[in-house]
Amino acid sequence: MSLIRNVGTIGGLTAISRVFGFARDMLLARVLGAGGVADAWQLAFQLPNIFRRLFAEGAFASAFVPLFNQRMTNDGDISDARAFANQMLAVLIPILIVFSALLLIVMPWVMGLFASDTLAADTERFDLAVLMARIAFPYLALMSVATLLAAILNSLSRFAAAAAAPILLNLCLIGALVLGAMGGTDEAAKQVTGTYLAVSVSLSGLLQLIWLYVWVRQAQFRLGLQRPRLTPGVREFGKLVLPAVFGAGVYQISRFIDLFFIATLPDKSISFLSYADRLNQLPMGIIGIALGTAILPALSRFIAQDDRDSAFRLQSNAFELAMLLTVPAAVALYVAGPAITTAFYVGGAFTLADGLATGAVVGGLVVGLPAYVLVKVLVPNYFARKDTRTPVITAACSLLINIGLNLLLVPRLGIVGLALGGSLAAWANAAMLYGVLHRRGHYHLTAQVSGRIARIMLAAALMGAALWFALPLAGDAFHGAPLERIVAVLAVVGLGLIVFFGSAWAVGVVNRDTIGQLRRRQL
């Protein structure tokens with residue numbers, strides 16, 4: 001399967017999930033608002049979710065996929081790969097049980113590390129946050145096993161089932177919000193809604209695990225439980241996975257650092273960051289997850305076969321595609337962020353001032369949008385070569401830069417400074433990853449690719465200028481009646497698409513050959 005077709009499959013289904021996630025956050029803003037129970041819920045949900053993205057989707061997949069693909073043969077024999085997957089499952093389950101049990105016990109202390117002064121001083125709300133985190137935390141264990149199943153399916157080039165699984169999480173959360181809203185919007189009702197949300201998170205983990213298991217069986221891949229053993233394959237995985245926590249999960253580690261700094265900021269800050277990150281995650285999740293997931297198995301195979309030309313070409317295609325899709329998205333969200341957050345979030349318990357504050361945070365986050373995706377694109381080149389040391393070093397440097405920038409910017413810009421500091425650190429990480437690949441001769445940007453990226457940036461700048469002048473013409477439409485909001489948002493999106501693709505056509509980024517190629521590949 002071609003890179004574009006794989007990215008199209010994963011990105012399309014991920015886009016559906018992100019749209020449902022966006023709808024979920026729109027409901028959440030109206031039902032819980034910002035601050036109070038909303039802050040408690042955001043913190044309770046962040047803990048298992050960050051752990052999941054860091055250890056399960058990030059580190060585990062990055063270490064497991066190259067080793068799994070190494071055991072797959074060209075003649076279709078998957079017996080060694082199946083044995084390795086069973087060994088990993090046998091070791092993974094008891095680790096997850098012990099880790100989850102320990103976190104459930106110490107949750108009040110963990111919550112105390114990240115809770116703001118306002119939340120910690122409110123005993124009732126703090127206890128609610130601990131309860132919600134405990135109810136939701138089994139999601140981590142369930143999704144870790146589900147990630148193993150997803151990695152198997154992706155390695156077998158069956159991307160659709162794994163990409164569709166997160167839709168179940170958002171459907172469960174939307175159901176919990178609708179059920180909770182039926183009880184009212186006073187403080188007691190909000191607390192009940194928070195409990196419903198926590199239950200729905202763990203329930204969604206179970207449903208995703210069942211969904212992926214069914215598809216693994218459909219692929220004629222049989223998994224079985226066995227006694228845990230430290231086989232050579234498991235030991236090799238252990239050597240890769242711990243460094244991969246830093247190499248593949250720098251974004252999630254930075255989220256932990258952010259929680260410490262958020263604890264020093266005023267009430268509502270964590271809610272503003274969460275709602276803003278949803279807009280940032282729409283393109284970042286769709287593009288970054290799709291590209292990173294699609295290229296890792298292919299890169300692993302090319303490098304294992306010493307096919308350097310194919311590996312280089314695949315990396316170039318992914319790099320250029322990442323910039324084509326993220327640069328215009330980042331520019332549009334930077335310019336139109338406050339208008340979009342106002343249109344989608346304001347209503348019910350979420351005020352206009354909350355919407356504008358969230359839009360400002362969006363601006364800080366999207367500065368780093370292309371960089372976060374480039375990290376997803378570049379890190380697989382290291383893991384495919386079983387080099388986990390270099391991404392650890394670059395990630396560690398990036399984290400130090402992030403902390404330094406937070407110390408400098410947060411006292412001056414508040415939550416916006418926190419978002420901006422993470423974005424600038426992400427650019428530093430992407431630059432270091434590329435620089436090392438270039439120096440080692442594994443990959444470098446050709447003059448052709450560099451020229452196309454420059455033209456992409458020019459087209460995006462022209463689009464940003466058009467949006468900048470057009471937005472004031474909408475007046476109060478972005479926080480007016482529902483129909484006014486819909487028309488205003490569609491007008492902004494339409495203008496942005498017309499100007500960007502018109503400019504991209506004019507400067508040669510998009511042409512008839514490109515469109516014909518995409519049609520032939522069924523994107």
Quiz item: Out of curiosity, is Ala38 under 28 Å from Leu92 (Cα atoms) and modelled with pLDDT of 85 or more?
Solution: no
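Just checking, does segment 132-140 include any residue being within 22 Å of Ser17 (Cβ to Cβ), open to solvent by 20 Å² or more (accessible area, probe 1.4 Å) and not basic (Lys, Arg)?
Taking every residue of segment 132-140 in turn, at least one turns out to be within 22 Å of Ser17 (Cβ to Cβ), open to solvent by 20 Å² or more (accessible area, probe 1.4 Å) and not basic (Lys, Arg).
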Exercise. Being surrounded by fewer than 24 Cβ atoms within 10 Å (Cβ to Cβ), modelled with pLDDT of 90 or more and polar (S, T, N, Q) narrows it down to one of Asn406, Asn402, so name that one.
Key: Asn406
Quiz item: Could we say that Ile262 is more than 28 Å from Leu467 (Cβ to Cβ) and among the β-branched types (Val, Ile, Thr) here?
Solution: yes
Quiz item: Does segment 424-451 hold any residues that are assigned to a helix (DSSP H, G or I), touching a helix residue (DSSP H, G or I) at 6+ places or on another chain (Cβ under 7 Å) and modelled with pLDDT under 90, and which are they?
Solution: Val449
Practice problem: Would you check which residues across segment 220-245 are aromatic (Phe, Trp, Tyr) and part of a loop (DSSP other than H, G, I, E, B) and list them? | Solution: Phe221
Quiz item: Hey, among the residues in segment 363-403 that are within 24 Å of Arg278 (Cα to Cα) and outside any helix (DSSP H, G or I), which one's nearest to the chain's Cα centre (by Cα)?
Solution: Gly368
Exercise. Need at least 2 residues that are out of contact with any Ser or Thr (no Cβ under 8 Å at 6 or more places or on another chain) and among the acidic types (Asp, Glu) per element, so show me which helices (runs of 4 or more DSSP H) inside segment 30-136 make the cut, counting only ones lying wholly within it.
Key: 123-136
Practice problem: Mind listing whichever residues of segment 411-445 are surrounded by fewer than 21 Cβ atoms within 10 Å (Cβ to Cβ), within 30 Å of Tyr275 (Cβ to Cβ) and aliphatic (A, V, I, L, M)? | Solution: Leu413, Leu424, Ala428, Ala431
Self-check item: Index of the failed condition, Gly112 passing every other in (1) over 23 Å from the mean Cα position of the chain (by Cα); (2) open to solvent by less than 50 Å² (accessible area, probe 1.4 Å); (3) at pLDDT 85 or above; (4) within 28 Å of Gly238 (Cβ to Cβ)
Solution: (4)
Exercise. Scan segment 269-290 and give yes if some residue there is within 16 Å of Ala63 (Cβ to Cβ) and either hydrophobic (A, V, I, L, M, F, W, C) or modelled with pLDDT under 85 (or both), otherwise no.
Key: no
Quiz prompt | Val327 vs. criteria at pLDDT below 90 and aliphatic (A, V, I, L, M) | solution = no
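When you go through Arg30, Arg82 one by one, which is the residue that is open to solvent by 10 Å² or more (accessible area, probe 1.4 Å), under 29 Å from Arg301 (Cα atoms) and modelled with pLDDT of 70 or more?
On the way: Arg30 fails: under 29 Å from Arg301 (Cα atoms).
Result: Arg82 is the single residue among Arg30, Arg82 that is open to solvent by 10 Å² or more (accessible area, probe 1.4 Å), under 29 Å from Arg301 (Cα atoms) and modelled with pLDDT of 70 or more.
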Quiz item: In segment 464-492, what count of residues is obtained for those that are open to solvent by less than 50 Å² (accessible area, probe 1.4 Å) and part of a helix (DSSP H, G or I)?
Solution: 13
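Could you tell me how many of the residues in segment 146-192 are among the β-branched types (Val, Ile, Thr), modelled with pLDDT of 85 or more and surrounded by fewer than 20 Cβ atoms within 10 Å (Cβ to Cβ)?
The number of residues fulfilling the criteria is 3.
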Quiz item: Got a sec? Which of Leu177, Leu119, Leu209 is in contact (Cβ under 8 Å) with a residue 12 or more places away in the chain, among the aliphatic types (A, V, I, L, M) and closer than 29 Å to Leu92 by Cβ?
Solution: Leu209
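The values are calculated or read from the model by the stated rules, or taken from the named source; none is laboratory data. In this text the structure is predicted, and so the values were computed from the model without any measurement. Heads up, the Cβs are rebuilt from the backbone with ideal geometry, glycines too, and the neighbour counts pull from every protein chain shown. What goes into the accessible areas is simple: the full protein's heavy atoms, side chains included, and nothing from ligands, DNA or RNA. Shrake-Rupley method; radii C 1.70, N 1.55, O 1.52, S 1.80 Å.
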